[in-house]
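Peer 1: Next up is a structure, given as structure tokens.
The values are calculated or read from the model by the stated rules, or taken from the named source; none is laboratory data. Keep in mind it's a predicted model, so treat the numbers as computed, not measured. Because the Cβ atoms are built from the backbone with ideal geometry, glycine has one as well, and the counts that use them run over all protein chains shown.
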């Protein structure tokens, strides 16, 4: 049986292993494509500001690429991308237009684009 290349840090089987990081990514909005970063800050939950925002449906469920108790699958989210600008997510829509998360009409624009 082969062991996974990366496991828990406190697993004695991982002692002496070297991990090579080839890219750092952050996803400002859950289930949207994200941004490549030169540097990231970590806290006890992982990458800071990763998936800090999410689209919600009319019932208050978070949009996702999957259905669970907490998440509702919303087709089309993967067609968007998001990056941070001064702490605010800026979303690029599938048609190439962009909107900031603090724009007055962001809710309507996302609703129209996602049906």
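Peer 1: Is at least one residue of the stretch 71-80 assigned to a strand (DSSP E or B) and under 25 Å from residue 39 (Cα atoms)? Steps first, answer last, please.
Peer 2: Of the stretch 71-80, the ones assigned to a strand (DSSP E or B) are 71-73.
With under 25 Å from residue 39 (Cα atoms) added as a condition, the list becomes none.
No, every residue in the stretch 71-80 fails to be assigned to a strand (DSSP E or B) and under 25 Å from residue 39 (Cα atoms).
Peer 1: Going by the conditions given, is residue 90 under 30 Å from residue 22 (Cα atoms), free of Cβ contacts under 8 Å to residues at least 24 places away in the same chain and under 14 Å from the mean Cα position of the chain (by Cα)? Can you show your working first?
Peer 2: Working: under 30 Å from residue 22 (Cα atoms): yes; free of Cβ contacts under 8 Å to residues at least 24 places away in the same chain: yes; under 14 Å from the mean Cα position of the chain (by Cα): yes.
When the stated conditions are applied, residue 90 passes them.
Peer 1: Does the stretch 49-61 contain any residue that is at pLDDT 95 or above, surrounded by 10 or more Cβ atoms within 10 Å (Cβ to Cβ), touching a strand residue (DSSP E or B) at 6+ places or on another chain (Cβ under 9 Å) and not in a loop (DSSP other than H, G, I, E, B)?
Peer 2: yes
Peer 1: Now, a different point. What number of residues within the stretch 99-108 are surrounded by 15 or more Cβ atoms within 10 Å (Cβ to Cβ) and assigned to a strand (DSSP E or B)?
Peer 2: Here the count works out to 1.
Peer 1: So is residue 10 modelled with pLDDT of 90 or more and in a loop (DSSP other than H, G, I, E, B) or not? So that I can check it myself, show each step before the final result.
Peer 2: Values: modelled with pLDDT of 90 or more: no; in a loop (DSSP other than H, G, I, E, B): yes.
No.
Peer 1: Filter the stretch 77-86 down to residues that are closer than 18 Å to residue 25 by Cβ and exposed (fewer than 14 other Cβ atoms within 10 Å of the Cβ) and give me whichever is modelled with the lowest pLDDT. Quick ask: steps written out before the conclusion?
Peer 2: Kept after step one, since they are closer than 18 Å to residue 25 by Cβ, are these residues of the stretch 77-86: 77-85.
Filter once more, so that each one left must be exposed (fewer than 14 other Cβ atoms within 10 Å of the Cβ): 78, 85.
Values: 78: 94, 85: 97.
By that ranking, first place goes to 78.
Peer 1: Test each condition in (1) at pLDDT below 95; (2) in a loop (DSSP other than H, G, I, E, B); (3) surrounded by 12 or more Cβ atoms within 10 Å (Cβ to Cβ) for residue 94 and report the one that comes out false.
Peer 2: (1)
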